[in-house]
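Every read-out reported here was derived from the displayed coordinates using simple, explicitly stated rules and does not represent laboratory data. Treat the numbers as computed from the prediction; the structure is a model and nothing was measured. Positions of Cβ are generated from backbone atoms using ideal geometry, with glycine treated the same way; all protein chains shown enter the neighbour counts.
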Amino acid sequence: MRVLDLGAGNSGLCAAMYHDGYKFMEAVDLSPIICAQMKESWAASYPSMVYQQGDAMALQTTFEPKSFNCIIDKGTIDAILCGYDSSPNAELAMDGIYKTLMNRGIFICVSYGTEDMRMEYLEKPEFDWKISVYRVAKKTINTSEIVIAENEDDQNFHWVYVCKKQVPDEVEEPEQAEEEEN
Ligand SMILES: C[S@@+](CC[C@H](N)C(=O)[O-])C[C@H]1O[C@@H](n2cnc3c(N)ncnc32)[C@H](O)[C@@H]1O
């Protein structure tokens, strides 16, 4: 199973997943400094995992189409949406994510963004996937206690969008069929 952590930063997510049995995690980040640090750290502790520099807005330049069973984004689309040309750049990233996922693959987006802020990027006519949304209570910074369920304020939650690509393996996508005809 190929799993990509997109915009991994220096997060411990891949290491945690390694210990859960995902021994071949891959990660990309835009920052050359983070990449150098993480490569060094992984070479010592997780030699089977691959960390490389890559741009979430141009995933096709780093990976072949349909490379991954699962792509995880924890805060990277959020970061892109905080930057210059935010909407077109988030759309570029989403397009690359969709194309880089295998048929039946899963994109997991962990975000600060509520549904009214994120669904416009996830729900596109060109994306054939089923989206499930989960709300996860944040741990408070001061107390590390989970916020009480009665406190329904959106700022007390993270949002997890699980997008399952519906295209079955045996169906050729139009682009692929065209290429084969030429
Ligand atoms: C909010 S941090 C999240 C880091 C990590 N995923 C985590 O959970 O701690 C956003 C990360 O996205 C990276 N990033 C921002 N724009 C990017 C892009 N266009 N391509 C790849 N990584 C990007 C940043 O370098 C940073 O490490």
Counting other beta carbons within 10 Å of each Cβ, put L59, L30 in order, fewest first. L30, L59
What are the ³J(HN,Hα) couplings of segment 26-32, residue after residue, when phi is run through the Karplus curve with 6.51, -1.76, 1.60 and θ = phi - 60°? Round to Hz, x for glycine and proline. 10, 9, 10, 8, 6, 7, x
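Indicate, rounded to the nearest 5 percent, the antiparallel portion of the DSSP beta bridges found entirely in the chain. Can you show the working numbers first?
Values: 16 of 33 bridges.
Around 50 percent of the beta bridges assigned by DSSP in the chain are antiparallel ones.
Order of F68, F107, F24, F127 from fewest to most other C-beta atoms within 10 Å?
Numbers: F68 22, F107 25, F24 13, F127 18.
So the residues, fewest neighbours to most, are F24, F127, F68, F107.
Output the relative contact order of segment 28-82, whole-number percent, from Cα pairs under 8 angstrom with separation of 6+ residues. Please list the in-between numbers first.
Details: 29 pairs, mean separation 18.5, N = 55.
This gives 34 percent for segment 28-82.
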Which number comes out as Rg/Rh for the chain once both Rg and the Kirkwood Rh are worked out on C-alpha atoms? 0.99
Along the Cα→Cβ direction, 7 angstrom out, place labels at E126 and N10. What is the inter-label distance in nm? 3.7 nm
Proximal lysines to K138, defined as alpha-carbon separation beneath 21 angstrom and excluding residues fewer than eight positions away on the same chain: K74
Let me check against my output: what whole-number percent is the relative contact order of the chain, with C-alpha pairs under 8 Å and at least 6 apart? 19 percent
Mind listing the long-range amide H neighbours of V167? Cut-off is under 5 Å, sequence gap 5 or more, other chains count too, H placed in the peptide plane at 1.01 Å from N. R104
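For the cross-link pairs K23/K164; K66/K99; K124/K164; K39/K99, which exceed 18 Å when the distance is taken from alpha carbon to alpha carbon?
Values: K23/K164 22 Å; K66/K99 6 Å; K124/K164 14 Å; K39/K99 26 Å.
In this structure, K23/K164; K39/K99 exceed 18 Å between Cα atoms.
If you place +1 on the Cβ of every Lys and Arg, -1 on the Cβ of every Asp and Glu, and leave all else neutral, what size is the dipole of the chain about its Cα centre, to the nearest 20 Debye? Spell out each step's value before the answer.
Values: 15 positive and 32 negative charges, 194 e Å.
Dipole size: approximately 940 debye.
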